[in-house]
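The values are calculated or read from the model by the stated rules, or taken from the named source; none is laboratory data. Computed from a prediction, not measured in an experiment: that's the story for all the values here. Please note: Cβ atoms are built from the backbone with ideal geometry, for glycine as well, and neighbour counts cover all protein chains shown. Heavy atoms of the whole protein, side chains included, go into the accessibility calculation; ligands, DNA and RNA do not. Shrake-Rupley method; radii C 1.70, N 1.55, O 1.52, S 1.80 Å.
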Amino acid sequence: MAGTIGSDRRRELIVVGRPMIAAARIQRMTRLFDAHIIAGEETFAQVKGRVRHRELGTPRLKGLKHRAALYEILARSEAATAGASG
C-alpha cells in the first residue's frame, strides 16, 4: 500500500507492506506481554542459542493471516557472552 501524507508545501511518500504491519503488531505485543523486546520466528531463528528467551506462543495478530511464534528476548546467553570476551 502506498500513499502520500503532508501538506501542499511538503509531501512524503509512505509505503506500507506486510513486514511493516507485522512489525507494528509485534511491537504492540510488548505491552500485552510486559516484554521489552519481542522477536518473531524469522528474527529469533537468527539469534537462537545466543540469547536467553521466553516463548510467548502464537497469538493472532490483527491484519495477518498466518500465526507465527513470538519470543521475548531476555538477555545474551552465557555462552554468547563468554565467546565475546574470550
> Can you give the accessible area of Arg54, probe radius 1.4 Å, in Å² rounded to 10?
Replying inline: 90
>> Rolling a 1.4 angstrom probe over the protein chains, ignoring ligands and nucleic acids, what is the accessible area of Ile37 in square angstrom, nearest 10?
In response: 80
> Check Ser77: other-chain or 5+ apart residues with amide H under 5 Å from its amide H, H built from backbone geometry?
Replying inline: Val51, Arg52
>> Per residue of region 37-54, what does 6.51 cos²θ - 1.76 cosθ + 1.60 with θ = phi - 60° give for ³J(HN,Hα)? Whole Hz please, x for Gly and Pro, Karplus curve as stated.
In response: 10, 10, 10, x, 4, 5, 5, 4, 4, 7, 10, 3, x, 10, 9, 7, 8, 10
> Rounded to the nearest 0.05, what FRET efficiency do His66 and Arg31 have when you use their Cβ-Cβ distance and R0 = 25 Å?
Replying inline: 0.65
> Can you give me the relative contact order of the chain as a percent, contacts being Cα pairs under 8 Å and 6 or more apart?
Replying inline: 24
> HN-Hα J couplings of region 59-68 from phi, Karplus 6.51/-1.76/1.60, θ = phi - 60°, integer Hz, Gly and Pro as x?
Replying inline: x, 6, 9, 3, x, 10, 6, 9, 8, 9
